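J.: The structure that follows is given in the form of structure tokens.
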Amino acid sequence: MSTEPPAGAAPAVHLTAITKRFPGVVANSDVNISVRAGTVHALVGENGAGKSTLMKILYGMQQPDEGTIAVNGKPVSFGSPADAIRAGIGMVHQHFMLADNLTVLENVVLGSEPRKGVGLDFAAAHARIKEISDSYGLGVDPDRLVDDLGVGERQRVEILKVLYRGARTLILDEPTAVLVPQEVDELFGNLRDLKAEGLTILFISHKLDEVLSVADDITVMRRGTTVASVSPEDVTARKLAELMVGSALPVPELRESTVTDEAVLSVEGLTLVGADGRTVLNDISFTIHAGEVLGIAGVEGNGQAELVETLMGIRSPTSGTITLSGKDITNESTRHRREAGVGYIPEDRHRQGVLLEATLWENRILGHQTRKPNVRGPLLDRRGAKADTERIVVEYDVRTPGIDVNAAALSGGNQQKLIVGREMSGAPILLIASHPTRGVDVGAQAAIWEHIRRARADHLAVLLISADLDELIGMSDTLSVILRGRLVADHDPATVTPEQLGSAMTGAGRED
Ligand SMILES: Nc1ncnc2c1ncn2[C@@H]1O[C@H](COP(=O)(O)OP(=O)(O)O)[C@@H](O)[C@H]1O
Ligand SMILES: [Mg+2]
């Protein structure tokens, strides 16, 4: 007599009591998940909750210290991804792993070259790729150079690569983090098609609206362990977020006004004409006072990135002036602006905020090479920089095994907390914060808000750019909308609704 369930009813993946320790961190602790075959199973949790580690274990990239894995009801043990692939498990990583200078075909067959006698059978591979692409509507052309593909297309190549290797269970680690909304819709269409063919998908995200729209089952992880398994019909995004953090959600708010009449940043008639002759910034004027947060709302691509870069001295305006505490800094260098007390949280943390392959303390120095505590006289002061990095790690709750690890070892939210801590150090008078909480979990978001609030009470002037309208409304003393390079409307954050702001952002009802 067998106690085994019938084969069709066995979960595609069953993880039992998985524990994985890294030096100083328990990344996974007694994790239990059952993934039904033929479903989209979402794994949600704050940055650092242990999602990627768990999926790397399932994909054989890492080995658990404890616990067991069963695939389709059979116990397995993976020493490497090759073992996982043989068991029908494939993974698309958070950062793509394609070779740019090769074609789609070459990328797909790389590592599993099609044999024909002693030669390679590229014709067969070509046909197989076309077939997979067509049957799942992936729209992948085997002959294109990967370098010529957009992000959404690259992702579909990665998915195809996994399918080509015969995967029946696909792991997608934060696939939507790199996509624009329309591409997200396309991806979800692909996932539904894959599911319709009986494939199983493990989908990691911390964007809860997405999870609710695409998942059949949801597992919530918190601090390395699984804390809930829910069905999307039974939860709201807010409830899921609360499960993720383990407490009621923080709300963005400023509480009492701290706005003074001391002008910190004054911008007058700022205009930027791009190389193509297009007016990117058009006659922008505003003033931010000590203790004031000026929020700027706008659909991405309406000039906010260029405004920030012009304020930071990364671009030179065509005309107009920028005044910091009464001094004209229009033609000053970025370094000078930083030394004059400007903190800068850049929009793209990987391109401008942190060096992934440098340690936390080296990252503490980045952009602050000329200032205490990183230098003493003309010399780099490693001890000073290290001690101050320790302080930031504590004050900003940066979860890390230490300050000597590379920033790459930290989750995105923890990298962001490090950046915020660095930019808030040395008591800046102005903070230019571009999407300060984008991509970070709700716990880190609340912490970043609290640091901004405290610094504001301490006279910091803040320029806040954000796509999160609740954040903008809650965290701004004054609120403007940027549209096609112009500040077009002011709103009272105390009364404006996200809907009103949203329609102002699209220029609804405007003639120009
Ligand atoms: N290779 C590693 N070495 C040391 N610590 C790691 C490593 N990978 C992940 N961690 C740590 O394990 C924890 C969980 O990380 P991760 O699984 O990436 O979380 P998530 O994907 O949910 O953001 C974090 O504290 C992270 O810093
Ligand atoms: Mg991750």
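The values are calculated or read from the model by the stated rules, or taken from the named source; none is laboratory data. Here the structure is a predicted model, which means the values were calculated and not measured. Every residue, glycine as well, gets a Cβ built from its backbone with ideal geometry; the counts of neighbours run over all protein chains shown.
J.: Tally up the residues in the stretch 329-376 that are in contact with a strand residue (DSSP E or B) (Cβ under 7 Å, 6 or more places away or on another chain), among the polar types (S, T, N, Q) and more than 23 Å from residue 455 (Cβ to Cβ), please.
T.: Total satisfying the criteria: 2.
J.: Which numbered condition in (1) modelled with pLDDT of 95 or more; (2) within 20 Å of residue 481 (Cα to Cα); (3) not acidic (Asp, Glu) is the only one that residue 302 fails?
T.: The one condition residue 302 does not meet is (1).
J.: Separate question: Kindly provide the set of residues from the stretch 262-293 that are at pLDDT 95 or above, surrounded by fewer than 18 Cβ atoms within 10 Å (Cβ to Cβ) and among the charged types (D, E, K, R), ordered by number.
T.: Residues satisfying the conditions are 262, 268, 283.
J.: Kindly provide the set of residues from the stretch 411-421 that are free of Cβ contacts under 8 Å to residues at least 60 places away in the same chain and either more than 18 Å from residue 450 (Cβ to Cβ) or within 16 Å of ligand 2 (Cβ to nearest atom) (or both), ordered by number.
T.: Correct list: 417 only.
J.: Further, regarding this structure: Assuming residue 249 fulfils every condition listed in (1) over 24 Å from the mean Cα position of the chain (by Cα); (2) touching a residue at least 24 places away in the same chain (Cβ under 8 Å) apart from one, which condition is it?
T.: All conditions are met except number (1).
Yes/no per residue for (1) exposed (fewer than 14 other Cβ atoms within 10 Å of the Cβ); (2) closer than 30 Å to residue 483 by Cα; (3) more than 16 Å from ligand 2 (Cβ to nearest atom):
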residue	(1), (2), (3)
306	no, yes, yes
362	no, no, yes
369	yes, no, yes
372	yes, no, yes
383	yes, no, yes
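J.: Criterion first (away from ligand 1 (no atom under 16 Å from the Cβ) and more than 17 Å from residue 48 (Cα to Cα)) does residue 211 satisfy it?
T.: no
J.: Checking the conditions here, which among 265, 249 is farther than 12 Å from residue 42 by Cβ and assigned to a strand (DSSP E or B)?
T.: 265
J.: Assess whether residue 462 counts as being β-branched (Val, Ile, Thr), more than 23 Å from residue 395 (Cα to Cα) and crowded, with 18+ Cβ neighbours inside 10 Å.
T.: Judged against the criteria, residue 462 is not a match.
J.: Then there's this: When you look at residue 269, is it at positive phi and out of contact with any strand residue (DSSP E or B) (no Cβ under 9 Å at 6 or more places or on another chain), yes or no?
T.: no
J.: Of the residues 467, 508, 457, which single one is under 21 Å from the mean Cα position of the chain (by Cα) and surrounded by fewer than 20 Cβ atoms within 10 Å (Cβ to Cβ)?
T.: Only one candidate qualifies: 467.
J.: For residue 392, are the conditions met, namely being within 24 Å of residue 267 (Cβ to Cβ) and under 27 Å from the mean Cα position of the chain (by Cα)?
T.: Here the answer is no, as residue 392 does not meet what is asked.
J.: If you check 402, 426, which single one turns out to be over 30 Å from residue 44 (Cβ atoms), small (Gly, Ala, Ser) and surrounded by fewer than 21 Cβ atoms within 10 Å (Cβ to Cβ)?
T.: Exactly one of 402, 426 is over 30 Å from residue 44 (Cβ atoms), small (Gly, Ala, Ser) and surrounded by fewer than 21 Cβ atoms within 10 Å (Cβ to Cβ), namely 426.
J.: To continue, here is another question. In the stretch 159-191, what residues are within 16 Å of ligand 2 (Cβ to nearest atom) and assigned to a helix (DSSP H, G or I)?
T.: Within the stretch 159-191, 175, 176, 177, 178 meet the criteria.
J.: Residues that are away from ligand 2 (no atom under 16 Å from the Cβ): find the strands (runs of 3 or more DSSP E) completely inside the stretch 1-94 holding 3 or more of those.
T.: 13-22, 25-35, 66-71, 74-76
For every residue, the table says whether it meets (1) at pLDDT 95 or above; (2) more than 15 Å from ligand 1 (Cβ to nearest atom); (3) not assigned by TED's automatic domain parsing to the domain that holds residue 312.
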| position | (1), (2), (3) |
| --- | --- |
| 394 | no, yes, yes |
| 399 | no, no, yes |
| 418 | no, no, yes |
| 436 | no, yes, no |
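J.: Check the stretch 229-243 and report whether any residue there is acidic (Asp, Glu), more than 18 Å from residue 14 (Cα to Cα) and outside any helix (DSSP H, G or I).
T.: Within the stretch 229-243, none of the residues are acidic (Asp, Glu), more than 18 Å from residue 14 (Cα to Cα) and outside any helix (DSSP H, G or I).
J.: Output yes when any residue across the stretch 12-27 is of a type in the set (S, T, N, Q) and within 25 Å of the chain's Cα centre (by Cα), and no when none is.
T.: Taking every residue of the stretch 12-27 in turn, none turns out to be of a type in the set (S, T, N, Q) and within 25 Å of the chain's Cα centre (by Cα).
J.: Count, please, the residues in the stretch 20-52 that happen to be touching a residue at least 60 places away in the same chain (Cβ under 8 Å) and within 12 Å of ligand 1 (Cβ to nearest atom).
T.: Adding up the residues that qualify gives 19.
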